[in-house]
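The values are calculated or read from the model by the stated rules, or taken from the named source; none is laboratory data. These numbers come from a predicted model, not from an experiment. Because the Cβ atoms are built from the backbone with ideal geometry, glycine has one as well, and the counts that use them run over all protein chains shown.
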Protein chains: 4
Amino acid sequence: MTIPTPLTGVVPPVCTPLTPDREVDVPSLLRLVDHLVEGGVHGLFVLGSTSEVAYLTDRQRRLVVEAVAGHVGGRLPLLAGVIDMTTPRVVDHVREVTAAGADAVVATAPFYARTHPAEIARHYRLIAAASPVPVIAYDIPAAVHTKLPADVILDLAAEGTVAGLKDSSGDLAGFRQVVTGARSRPDVTGFSVLTGSELLIDAALALGADGAVPGLANVDPQGYVRLDRLCRSGDQEAARAEQERLCALFGMVTVGDPARMGGGSSALGAFKAALYLRGVIECPVTAEPQVPLSAEEVERVGKYLAGAGLL
Amino acid sequence: MTIPTPLTGVVPPVCTPLTPDREVDVPSLLRLVDHLVEGGVHGLFVLGSTSEVAYLTDRQRRLVVEAVAGHVGGRLPLLAGVIDMTTPRVVDHVREVTAAGADAVVATAPFYARTHPAEIARHYRLIAAASPVPVIAYDIPAAVHTKLPADVILDLAAEGTVAGLKDSSGDLAGFRQVVTGARSRPDVTGFSVLTGSELLIDAALALGADGAVPGLANVDPQGYVRLDRLCRSGDQEAARAEQERLCALFGMVTVGDPARMGGGSSALGAFKAALYLRGVIECPVTAEPQVPLSAEEVERVGKYLAGAGLL
Amino acid sequence: MTIPTPLTGVVPPVCTPLTPDREVDVPSLLRLVDHLVEGGVHGLFVLGSTSEVAYLTDRQRRLVVEAVAGHVGGRLPLLAGVIDMTTPRVVDHVREVTAAGADAVVATAPFYARTHPAEIARHYRLIAAASPVPVIAYDIPAAVHTKLPADVILDLAAEGTVAGLKDSSGDLAGFRQVVTGARSRPDVTGFSVLTGSELLIDAALALGADGAVPGLANVDPQGYVRLDRLCRSGDQEAARAEQERLCALFGMVTVGDPARMGGGSSALGAFKAALYLRGVIECPVTAEPQVPLSAEEVERVGKYLAGAGLL
Amino acid sequence: MTIPTPLTGVVPPVCTPLTPDREVDVPSLLRLVDHLVEGGVHGLFVLGSTSEVAYLTDRQRRLVVEAVAGHVGGRLPLLAGVIDMTTPRVVDHVREVTAAGADAVVATAPFYARTHPAEIARHYRLIAAASPVPVIAYDIPAAVHTKLPADVILDLAAEGTVAGLKDSSGDLAGFRQVVTGARSRPDVTGFSVLTGSELLIDAALALGADGAVPGLANVDPQGYVRLDRLCRSGDQEAARAEQERLCALFGMVTVGDPARMGGGSSALGAFKAALYLRGVIECPVTAEPQVPLSAEEVERVGKYLAGAGLL
C-alpha cells in the first residue's frame, strides 16, 4: 500500500517475541500485531530499536517482515527498519524488506563509521535512489551517536529524498525546528514528522507533529490511541492526564538492576515481560547478550501494569 | 593455520580496494597483500575498520576473506573482523569468515544497542562458544562508544574466552593494565596484546605489548616492520626516530577538508590515495557515503609520501 | 523580599552590559532592568549563564547584584547565580550575593571536579544550610557536564533543601518527571519548576511548569510575557504562534561564524548586539576571551530583529 | 626564582591537607612539603586538581601559596594553579598567586562556558599579558571538557605565550605531537612538556617529555624520583619495573565504593588516607561535598601501601 501523506497517529515499533531458544516466535508476533490493530493503532513499524532489530539476524529480519506483511495484508501501513552501519549495507536491507512487503523504510545516520552532515545527506540520497518505497529518517543519537541536523533533514525533505522523520533524539527543541520548517518552507510538502518519545506526545502533537512511534504502545496501544485522539480533539486537560498515566507506566523501564544489566536489557525486558503478563506473547525472553530480568523484577513490571489498570 | 601464541609483530588491517563502481577490486587486493607480505608483515587482518568493514556488504566481506585466504594459503596468520551490532549477528559473520578461511576472528563490544560490562562478557562467551577459531577482542570506543574494561578482558582471557586484544582506544594507561595483568596473572596464558595505534608502537612494545595493528602499515609496511625490529633489538633511539618518521607520515589523515567531509573519509581516503600513488592499487575510491578527496588533497598525500621517502 | 511560592511567569537571566574596556556598565545595566520591568517580567535573575557569570570577577559580580538590587528595590523578586565549582566556593558567593540583596540563590551541580548523585545532594544541603534565602537548583549539563537526576531533585525538594529548579538541560521528558513529581508527591510543597528554554515555553507550561527563564527575553521581554499570558489563558493557537515568532527570533544565536568563534560567543554576542541595536545598552561587547561578532554578523542580528517586528 | 628551562624531573601536585572542620592544615601542609623535598622532587605544583583547588576558597588558595612559598624559600620552583572558568577570573588568581610567591602559573582552557580554539588562544594570550611569571598550559579534558589542540599549543609556544604544557589528557599520541613539535619547530625554544600521568612516565620520558606531575608522588615521592632517574639513565628494564610498582600502588584510587561516591572522592580520599597512614598529615579529610572513605576503604589503602613497601 502507499503510506498516507502525512502519516499520522500512533505507529508502534513492534516488539519481536522470541522463543526460549531465541528464534522469532511467529504466532506470538502475529498475536501482538492483532493486539495492536485491535488497539486502534494507525500503522506498524517493524525492525525498529524496540523490535530488537540490532539483535536480529538477516534471516530473522526477513521472517519478521514477511510474517507481519502477510498477516496485515495492507490493512495498515507497514514501515520497516533498515538498520545497518552504512549505505551499501542499508541498501541490501532495503531490497530485502521491500521484497518482503514493507510500505516504507526507516534508516538512521551511518554509525560505527565516523560521519559528517555531507555524508549523511549522501547516505540518504543513495538509499532513496535504491528504494522503491518512501524513506523515513530515523534520528536516534543514543544509538548512532550522531544527531541529524534539522537543516539537513529539511533540505532532504525539500528535494524529496526523505518522506518523514522519526525523532528519538529527546531534543524537542530541535524536533520543533523540523516541524515548523516542514510547515513553513514552501518547498517541503507531504513530509511526516513523528516523535519517538513515549513521554511527550501531547507536547509534540501540540507543536505540530503528525504522529508518534512509542515503544510502550506495545504494552498499552489503547492508551496511546486515546492520547492521540484527546490531543487532536483539543481536550488538553484530559490529554495531559492520559499522558501522565502513560508516563507512570513507562517507569517500568527502570525495573532492571543497573548493577546487573544495561538500560536496554531493562527496558526491552520490561516491555516483553508486560506483554507476557498481559497474555499477548508466549515467552518474555530478549535476544543475546541482553541480561534477563529476575522474577522479582518481572513482578515489579506487574505492579506497573496494575497501577495503570492493565492487569 | 593455528595462530601463534602469542601473536607478535606487525599485523596490518588490510585496506579493501574498490573498483570505480564500488565492487571489491580483487586483483588490487591481492597486489596489496603481496605488497604487505613482501614488506615483511607477520599477519594480516582483513575486515577491520581500516578495511572499511562497516561499508562492505556481506557478499563483499565473504569475497574479501576467500580471496585473501586463497592467496595467502596459510603462509601468514589471517585474522578477520566480525563487526556487527550484537551477538547473533556477529555469530553469523563468524560462520562466514571461518568457512572462508580465517584463522581467528576479531569482535568488538556490542554497539547501536546500549550495553553493560556483564553483557559484554556474555557477548564474548557466546561468540567463543560458536567459533571454531580463537576470538580476539577489539577495543574501539570511537566506533562502538563503549570502552572494554581491563578487568573484563583479563577475566575473559583467564577463562579462555578471548585469545587476545586489539586496542584502538587511544588509552595507553588502560592498555598497560591489560598487558601487565596478562603477564602477572597466573591464570592468563598465551594471551596476545596488540596495539591498534600507528603512533605509539615503540611505547606499546616497551611496556610489554606483543604486536601492532597499524592501518598506516598498508602504506609503509617496511617502515612498521623496521620499527618492530628496532624495538625488539632494544635500539631505543633508532626506534624512536623511525616511529617519528611514521608519525609524520600519518599526518596524511588530515588532508581532507573538515568542512567537506568527516575524519573517516579523510583518513581512509588518504590511505587509499597513497596506495594508488605508490602503484599498489588501481583506484583510490572509498565506499559510500564517504566523500572522495579532491585532486588537491590527493596531491598533499603525495607530499607526505615524498616527505617519508616513499615516492 | 520573600520570593513568591511558587515563582511563576517570566524571569529573564539579565545580560551584563560591559564598557569597551570590559567593566560593568552600570547605567546600561539599569536601563536593561527598566526595559525588562517595563516589559512586564515577573522576576529578575542576575549572574546566570546568559549574564556571562562565568566571565565576571568576584568584584564585578558584587557590583551587579548591588546595582540591580538597589535599583529594583524589592519591586520584583531578585534571583542571583552563585556559580562556582564546588560547595565551599559557592558558599562564599552565597554570602556575597545575599549581602548585596538577592532574594534567592541559584546553584548548579559541582563542576570541574568529577561528581556523583550523593555528592550533588550533599552539595545542595550544605549550600542551603549556609543560605539565608531559598536555594534554586540549576540544571545545565552543557556547562557542568552532569545532569541533575529527577529523583535527587525531588528528594531535595521534599526535605526543603531546594525551593525550585531552573532546567536548562534541553531534556523536556526529564523536566516533566520533576514537574509531575512535584505535583503528585505529598511531601513536596511550594516548589517552583522553571524552564530555561527559549523555544519550548508553551510546551513546558502546558505540562505544568511554573515559569520560564529565557535568555532571549532580554531582547524581547514583551514577547515572552505575552507568550506566558497566552499560555495561561488557554489560547493554545495564539500561544503557539507567539512561541514560533520567538523561535524564529532565537535564530540570531547562530549568526557567528563557527570557524571563527564558539557557540557562546555567537549567542551572547547576538543578544548584546540586539540590545545595542534596540538602544537599550551602550556597547555590545562581550567578556574575554569571547570573540566579537563582525559588522556583517551584527547586521544579520538586525535582520532577525526586523523580522520579529522589533526594529 | 626563575623556573628552569626546560623544567624537568618530578613536580608533584601537592595535596592540601585539611583540618576536621575543612580549614587548611598548614603544619600538615608544610610537613608534606618537607616529605616531598626530602623525597628529591624537582619542583612543587600547588593548587592543582590533586590539591583540590576546585574546592578551595580564594582565601584558602592564598594561604596555601603563601605558606608553601615561605617555607620553600626559593629552594625549588613553585608552580601554582590559577584554575577558574574564564580569563578575567583567571587573571585575578594570577595576581594573587604571584603576589604570594608563585614562580609560574598553570592555567586550563576556559570551562563552564563553551569554547573554541580561537578563544583558547585568546585566553592564554591575555593571561600571559597579565602575568609577571611564565604561564604553563594545563590540558585536562576530564575536568574542563575541552582538549587543548596540539597545534594551538605549539603556536602559543612559538610566540612565547606559554612556557610549558602539563598534559593530563590521557592521550599520549596527542602529547607526542606536542613533544615532537616542540623539538622540531625552530620557532619553539625552552618549552617544557610535562605529563600529568601517574602510569606512563617511562613512556612519556622515552618519547621526549621533560618531566612529570604525578599526583601519586605525594604518597611515594622517592618512587617517582627513582623512576625519573632510571629513565634518564637509560635502564629501561628497571624503569619499567619501578613504573609497574607505582601502577600497582595507583590501584588505591579505586578503593571507594562507586555506589556511594564519585571517582574524585575515591582518588583524593585514597591519597590523603595514604599520607595519613604514612604519618605525613594529621587528618585525611577531603573538602566538601566529597564523600569520605569508610574505615574499611581506608584499610584497603593501607594494603596498597604495604604491597608497595611503604608501610
Quiz item: Mind checking which residues of the stretch C:168-218 are on the phi > 0 side of the Ramachandran plot and in contact with a Lys or Arg (Cβ under 9 Å, 6 or more places away or on another chain)?
Solution: C:208
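Yes/no matrix, rows are residues, columns are (1) under 16 Å from the mean Cα position of the chain (by Cα); (2) surrounded by fewer than 18 Cβ atoms within 10 Å (Cβ to Cβ); (3) farther than 17 Å from residue B:72 by Cα:
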{"site": "B:1", "(1), (2), (3)": "no, yes, no"}
{"site": "B:28", "(1), (2), (3)": "no, no, no"}
{"site": "B:33", "(1), (2), (3)": "yes, no, no"}
{"site": "B:37", "(1), (2), (3)": "yes, yes, no"}
Practice problem: Run down C:58, C:84 and say which single residue is without any contact (Cβ under 8 Å) to a residue 60 or more places away in the chain, under 17 Å from the mean Cα position of the chain (by Cα) and over 18 Å from residue C:17 (Cβ atoms). | Solution: C:84
Quiz item: Are any of the residues in the stretch D:114-136 closer than 30 Å to residue D:254 by Cα and either of a type in the set (D, E, K, R) or more than 11 Å from every other protein chain (Cβ to nearest Cβ) (or both)?
Solution: yes
Quiz item: Only one residue in A:119, A:96 is charged (D, E, K, R) and free of Cβ contacts under 8 Å to residues at least 12 places away in the same chain. Which one?
Solution: A:119
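If you check residue C:160 against the conditions, is it within 27 Å of residue D:85 (Cβ to Cβ) and not in a strand (DSSP E or B)?
On the way: within 27 Å of residue D:85 (Cβ to Cβ): no; not in a strand (DSSP E or B): yes.
Spelling it out, it is not the case that residue C:160 is within 27 Å of residue D:85 (Cβ to Cβ) and not in a strand (DSSP E or B).
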Self-check item: Considering residues of the stretch B:283-309 that are part of a loop (DSSP other than H, G, I, E, B) and surrounded by fewer than 17 Cβ atoms within 10 Å (Cβ to Cβ) only, the residue nearest to the chain's Cα centre (by Cα)
Solution: B:283
Quiz prompt | Subset of the stretch B:47-59 [surrounded by 21 or more Cβ atoms within 10 Å (Cβ to Cβ) and part of a helix (DSSP H, G or I)] | solution = B:53, B:54, B:55
Quiz item: Looking at the stretch B:236-246, which of the residues that are within 11 Å of chain D (Cβ to nearest Cβ) and over 26 Å from residue B:267 (Cα atoms) is nearest to the chain's Cα centre (by Cα)?
Solution: B:236
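Among the residues in the stretch B:144-156, are any at pLDDT 95 or above, within 17 Å of residue B:47 (Cα to Cα), within 14 Å of chain A (Cβ to nearest Cβ) and out of contact with any Asp or Glu (no Cβ under 6 Å at 6 or more places or on another chain)? Break it down stepwise before answering.
Of the residues in the stretch B:144-156, the ones at pLDDT 95 or above are B:144-156.
Applying the additional criterion that residues be within 17 Å of residue B:47 (Cα to Cα) yields B:144.
Then keep just the ones that are within 14 Å of chain A (Cβ to nearest Cβ); that gives B:144.
Next, from what is left, pick out any that are out of contact with any Asp or Glu (no Cβ under 6 Å at 6 or more places or on another chain): B:144.
Yes, the conditions are met somewhere in the stretch B:144-156.
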Exercise. Please identify the pairs in which a residue from the stretch B:247-267 that is within 13 Å of chain A (Cβ to nearest Cβ) and of a type in the set (D, E, K, R) has its Cβ atom under 9 Å from the Cβ atom of a residue that is buried (at least 22 other Cβ atoms within 10 Å of the Cβ) and in a helix (DSSP H, G or I), counting only partners at least 6 apart or on another chain.
Key: B:257/B:266
Self-check item: Index of the failed condition, residue B:202 passing every other in (1) buried (at least 24 other Cβ atoms within 10 Å of the Cβ); (2) of a type outside the set (Val, Ile, Thr); (3) within 13 Å of chain D (Cβ to nearest Cβ); (4) within 19 Å of residue B:115 (Cβ to Cβ)
Solution: (4)
Practice problem: Could you please find all residues in the stretch D:157-186 being within 9 Å of chain B (Cβ to nearest Cβ) and either crowded, with 22+ Cβ neighbours inside 10 Å or within 16 Å of residue D:140 (Cα to Cα) (or both)? | Solution: D:170, D:171, D:172, D:173, D:174, D:176
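Every residue, every condition in (1) touching a residue at least 40 places away in the same chain (Cβ under 8 Å); (2) within 30 Å of residue D:292 (Cα to Cα), yes or no:
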| residue | (1), (2) |
| --- | --- |
| C:20 | yes, no |
| C:24 | yes, no |
| C:32 | yes, no |
| C:37 | no, no |
| C:41 | yes, no |
| C:107 | no, yes |
| C:110 | no, yes |
Practice problem: Test residue A:285 against the criterion of being farther than 27 Å from residue B:127 by Cβ, aliphatic (A, V, I, L, M) and within 14 Å of chain B (Cβ to nearest Cβ), and give yes or no. | Solution: no
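Can you work out which of the residues in the stretch C:60-78 that are over 19 Å from residue D:59 (Cα atoms) and within 14 Å of chain D (Cβ to nearest Cβ) is surrounded by the fewest Cβ atoms within 10 Å (Cβ to Cβ)?
Filtering the stretch C:60-78 for residues over 19 Å from residue D:59 (Cα atoms) gives C:63-78.
With within 14 Å of chain D (Cβ to nearest Cβ) added as a condition, the list becomes C:63-64.
Values: C:63: 18, C:64: 26.
Residue satisfying both the conditions and the ranking: C:63.
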Quiz prompt | Single unsatisfied condition, residue B:81 versus (1) out of contact with any strand residue (DSSP E or B) (no Cβ under 8 Å at 6 or more places or on another chain); (2) modelled with pLDDT of 95 or more; (3) within 14 Å of another protein chain (Cβ to nearest Cβ) | solution = (1)
Exercise. Residue by residue through the stretch C:97-113, note down the ones that are touching a strand residue (DSSP E or B) at 6+ places or on another chain (Cβ under 9 Å) and more than 9 Å from every other protein chain (Cβ to nearest Cβ).
Key: C:97, C:98, C:100, C:101, C:102, C:103, C:104, C:105, C:106, C:107, C:109
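Conditions tested, residue by residue: (1) over 23 Å from residue B:106 (Cα atoms); (2) aliphatic (A, V, I, L, M); (3) touching a Cys at 6+ places or on another chain (Cβ under 8 Å).
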{"site": "B:194", "(1), (2), (3)": "no, yes, no"}
{"site": "B:197", "(1), (2), (3)": "no, no, no"}
{"site": "B:200", "(1), (2), (3)": "no, yes, no"}
{"site": "B:225", "(1), (2), (3)": "no, yes, no"}
{"site": "B:278", "(1), (2), (3)": "yes, no, no"}
{"site": "B:284", "(1), (2), (3)": "yes, no, no"}
{"site": "B:290", "(1), (2), (3)": "yes, no, no"}
{"site": "B:297", "(1), (2), (3)": "yes, no, no"}
{"site": "B:303", "(1), (2), (3)": "yes, no, no"}
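Taking helices (runs of 4 or more DSSP H) that do not extend beyond the stretch A:166-237, which have at least 2 residues that are in contact (Cβ under 8 Å) with a residue 60 or more places away in the chain and touching an Asp or Glu at 6+ places or on another chain (Cβ under 9 Å)?
Details: elements: A:172-184, A:201-206, A:221-233.
Once the helices (runs of 4 or more DSSP H) in the stretch A:166-237 are filtered for at least 2 residues that are in contact (Cβ under 8 Å) with a residue 60 or more places away in the chain and touching an Asp or Glu at 6+ places or on another chain (Cβ under 9 Å), what remains is A:221-233.
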Exercise. Please enumerate the residues belonging to the stretch A:218-238 that are more than 14 Å from residue A:201 (Cβ to Cβ), of a type outside the set (S, T, N, Q) and crowded, with 23+ Cβ neighbours inside 10 Å.
Key: A:219
